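The values are calculated or read from the model by the stated rules, or taken from the named source; none is laboratory data. Fair warning: this is a prediction, and the values are worked out from it, not measured in the lab. Here Cβ is always computed from backbone atoms with ideal geometry, including for glycine, and neighbour counts include all displayed protein chains. Accessible surface areas use protein heavy atoms only, side chains included; no ligands, DNA or RNA. Shrake-Rupley method; radii C 1.70, N 1.55, O 1.52, S 1.80 Å.
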Amino acid sequence: MYGGRSGEHEVSLASAAAVLANLDRDKYEPVAIRIEKDGRWVLADRPPSAASAADVIEQVRQGNRARGGREVMMQARPGDDTLLVVDRRAGGSDDAAAIVTGLGLDVIFPVLHGPYGEDGTVQGLLELADVAYVGCGVLASAVGMDKAVMKVLFKARGLRIAPWVQVRQPQWTAERDAVIAHIGATLKYPLFVKPANLGSSLGISKVSTPDTLGAAIDLAGVFDPKVVVEHAVKGAREIECAVLGNDTPEASVPGEVIPSGDFYDYTAKYISSGSRIQIPASLPTHIAEDVRQQSLIAFDAIDGAGLARVDFLLSSTNRLFINEINTMPGFTTISMYTQLWAASGVDYSTVIDRLITLAVDRHSGQRRRQTSAS
Ligand SMILES: Nc1ncnc2c1ncn2[C@@H]1O[C@H](COP(=O)(O)OP(=O)(O)O)[C@@H](O)[C@H]1O
Ligand SMILES: [Mg+2]
C-alpha cells in the first residue's frame, strides 16, 4: 500500500517501488494498492518503478504520474474479502456502482509516510479489517507522528530532548506578540519551528532572530494547527539508528547523515545530491552504545512493533539528544533504514521477510487476545 494523502506521497512511491522490486516472488504474490493524493484507493495496473524519491519527484514534475487502475475499497470488518474491487462501469452512474470481486489479503505492507498513512489512521482501518500489517500499531504510529506528544513520552523515559514549547493556532491568532515574547523568555535562539505532525522536513524552519519567528510559526501552522518550537542543538551531528522486532527488538549500528544544506531540509533529503550518509557513524564506543540503547527505549516508549528509525542530534560537546522516531521511515534501497541493516548484516530482502513474519506473529498474537468478558 503506498502513495497517500500527505506531502510525502512521492517519497512513498519510491519506497514502494523498492519493496516491490525486492519482494521474493516465490514467497509472496504482491497486490499493489495506490492511495491517490485525493484519498481514493486504486488497484494499480503498473507498480511504481522509481529508484529514488528524487526520480519520482522528477517524474511527477514532468507530469507522468502513474494513473491507471481499478478503484478499490477496504471493508472495516473482519472477513475473507478484505478488499473490494469497485467497477463503476457495471453500475453506470456514480451511486449505482457495482461491487465486482472481494480480494482476500494475508498481510499488508503500508509503505506510507506522513499523516493519513504513518499516523495510525490506516493502521486503525487494518485493525478493524482484522488483517495483519507490517509495522507499528495505532498508538505507536500516532505517537510517532506527533512530535509534541513524542517528546513528553521520551522525557518521561529519561531521554534527553532539546528544550521546546508548543504553540496552538487559537493562541497564536489571539496573542501573537505575547507568544513571541514568551518564546524569547523561555528559549534561546537559534530555534527550529516545526509542524507537530509531519515529516520530510516539510514546513520546518530554522530561526536565528525574533523578527523571523512569526513567519516560521505561520508556515508550520499551514501544515498543522499545533506547532513545536525548540532549541537548535549546537553543532548538531545527525545520528540515526534502525530498530527491528516486536517484543524483543534489535538495534542496528548507528549511522550519520551529513546534510548538503544548513540542515536536513526537503531539498537536502530528496532533491540535491550533496547530502552524504556514513555507516557506521564514527562515534566513541560509549556514544554508539548509548544511541543503540536509547533507540530501544524510544521504541518501547511508544509501544513500537516491527520497525522504526530513531534519530538523534549529537551536540558539539557530545551531548546526545533524541530528535524523533519515524515508524515508517524511507524504505528505498538507498534509504538510511535499509542501509543501516545492510551494514548490520541483514540485507534488504531479509528485512522485508522479517517484517512480514513480525506482522503475522503480532496479528496472530492479537487474535489470541480475549476481547469479551465471557
Ligand atoms: N533541535 C534541532 N537542532 C538542530 N537541528 C534540528 C533540530 N530539529 C530539527 N533539526 C534539523 O531539521 C531536520 C528535520 O527535523 P525533524 O524533526 O527530523 O523533522 P522531520 O520529521 O520532518 O524529519 C533534522 O534532520 C535536522 O537537520
Ligand atoms: Mg527527521
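So how tilted is helix 176-186 from the main axis of the chain? Cα-based, degrees 0 to 90, rounded to 10. It is inclined by approximately 60 degrees. When the surface is traced with a 1.4 Å probe over the full set of protein chains, Tyr28 keeps roughly 50 Å² accessible.
Simple rule: put +1 on each Lys or Arg Cβ and -1 on each Asp or Glu Cβ in the stretch 163-231, find the dipole, and look at Pro170, Val193, Ala181; the Cα lying farthest toward the positive end is Val193.
To the nearest 10, the accessible area of Arg176 is 90 Å² with a 1.4 Å probe.
The alpha carbon radius of gyration of the chain, expressed as a multiple of 2.2 N^0.38 Å, is 1.01.
Among the trypsin sites (Lys or Arg not before Pro) in the stretch 244-327, those placed in a DSSP loop whose Cβ has at most 16 other Cβ atoms within 10 Å are Arg319. The trypsin sites (Lys or Arg not before Pro) found in the stretch 198-261 that occupy coil by DSSP, while having at most 14 further C-beta atoms within 10 Å, are Lys234. Put a dot 7 Å past the Cα of Gln366, heading toward its Cβ, do the same for Thr209, and the two dots end up 5.2 nm apart.
Ordered by solvent-accessible area of protein heavy atoms (1.4 Å probe), largest first, the residues Glu230, Glu289 come out as Glu289, Glu230.
Of the residues Arg40, Arg367, ranked by 1.4 Å probe accessible area with the largest first, the sequence reads Arg367, Arg40. For the stretch 163-231, the alpha-carbon coordinates run over 29, 25, 19 Å along the three principal axes, in decreasing order. Using the Cβ-Cβ distance between Ile258 and Leu103 with R0 set to 56 Å, the FRET efficiency works out to roughly 0.80.
Out of every Cα-Cα pair that the stretch 113-191 contains, those further apart than 15 angstrom amount to 68 percent.
Based on protein heavy atoms only, the chain ends up with 45 Å² per residue of surface accessible to a 1.4 Å probe. Element breakdown for the chain at a 1.4 angstrom probe: carbon and sulfur atoms account for 51% of the accessible area. Determine the gain in length on full extension of the stretch Gln62-Lys27; use 0.36 nm per residue of separation and subtract their C-alpha separation, reporting nm with one decimal. In short, 9.0 nm is gained. Restriction of the trypsin sites (Lys or Arg not before Pro) in the stretch 1-32 to DSSP coil positions whose beta-carbon has at most 16 other beta-carbons within 10 angstrom yields Arg25, Lys27. Among Met74, Met336, Met328, the largest mean-square fluctuation in a Gaussian network model of the chain, built with springs joining Cα atoms closer than 10 Å, belongs to Met74. The simple Förster model, with R0 at 45 Å and r as the Cβ-Cβ distance, assigns Arg276 and Asp81 a FRET efficiency of 0.40.
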